[in-house]
Amino acid sequence: MLQTIITAVQNKEVLSFTYEGYTRVVEPHAVGVSTAGHKVLRCFQVGGHHEKQNHNWDLVLLSKIVGLSATGQRFSSERLGYKGGDKGMITIYAQL
C-alpha cells in the first residue's frame with residue numbers, strides 16, 4: 001500500500017479507497033509519518049463521500065484505508081492551500 005501511494009504522489013495519480021465506511025477519490029499530495037507516529041496520507045478529496053460538508057483536505061491514517069487502488073487518472077498540479085514540508089508529518093516519504 002505504501003509504495004502504491006508513493007508512486008501515486010510522484011506521478012500525480014488519483015487514488016480511490018474506502019475510509020471509515022466512505023468511498024473516497026483523492027489527489028495525494030504527501031505521504032509520511034505523522035507527529036503521533038502513524039503512517040498518513042495528506043490528500044485533497046475530489047470525489048466520493050465525506051462525513052463533513054465542504055471538507056476537501058484530509059490527513060488519513062494508512063492503517064484505516066481499505067481497497068486502495070490507483071485510478072489511472074492524473075491531476076496536473078497541487079491544490080490551492082497545499083504547503084510542502086507538511087507540518088503534520090515528522091517524516092515525509094513523498095510529496096508534491
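Tabulated data
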{"item": "GLY37 being among the small types (Gly, Ala, Ser) and either under 8 Å from the mean Cα position of the chain (by Cα) or at pLDDT 95 or above (or both)", "result": "yes"}
{"item": "Where a residue in the range 25-37 is under 22 Å from ARG74 (Cβ atoms) and its partner, wherever it lies, is assigned to a loop (DSSP other than H, G, I, E, B) and not charged (D, E, K, R), with Cβ under 8 Å and at least six apart", "result": "GLU27/PHE75; HIS29/TYR82; HIS29/LEU96; ALA30/GLY84; ALA30/LEU96"}
{"item": "Strands (runs of 3 or more DSSP E) contained in the chain and holding at least 2 residues of a type outside the set (D, E, K, R), touching a Ser or Thr at 6+ places or on another chain (Cβ under 6 Å) and loosely packed, with under 13 Cβ neighbours inside 10 Å", "result": "65-74"}
{"item": "Some residue of the range 48-61 being of a type in the set (S, T, N, Q), touching a residue at least 60 places away in the same chain (Cβ under 8 Å), out of contact with any strand residue (DSSP E or B) (no Cβ under 7 Å at 6 or more places or on another chain) and over 16 Å from TYR19 (Cβ atoms)", "result": "no"}
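The values are calculated or read from the model by the stated rules, or taken from the named source; none is laboratory data. Owing to the predicted nature of the structure, the values given are computational and were not obtained by experimental measurement. Using ideal geometry, Cβ is built from the backbone for each residue, glycine included, and neighbour counts are taken over all protein chains shown.
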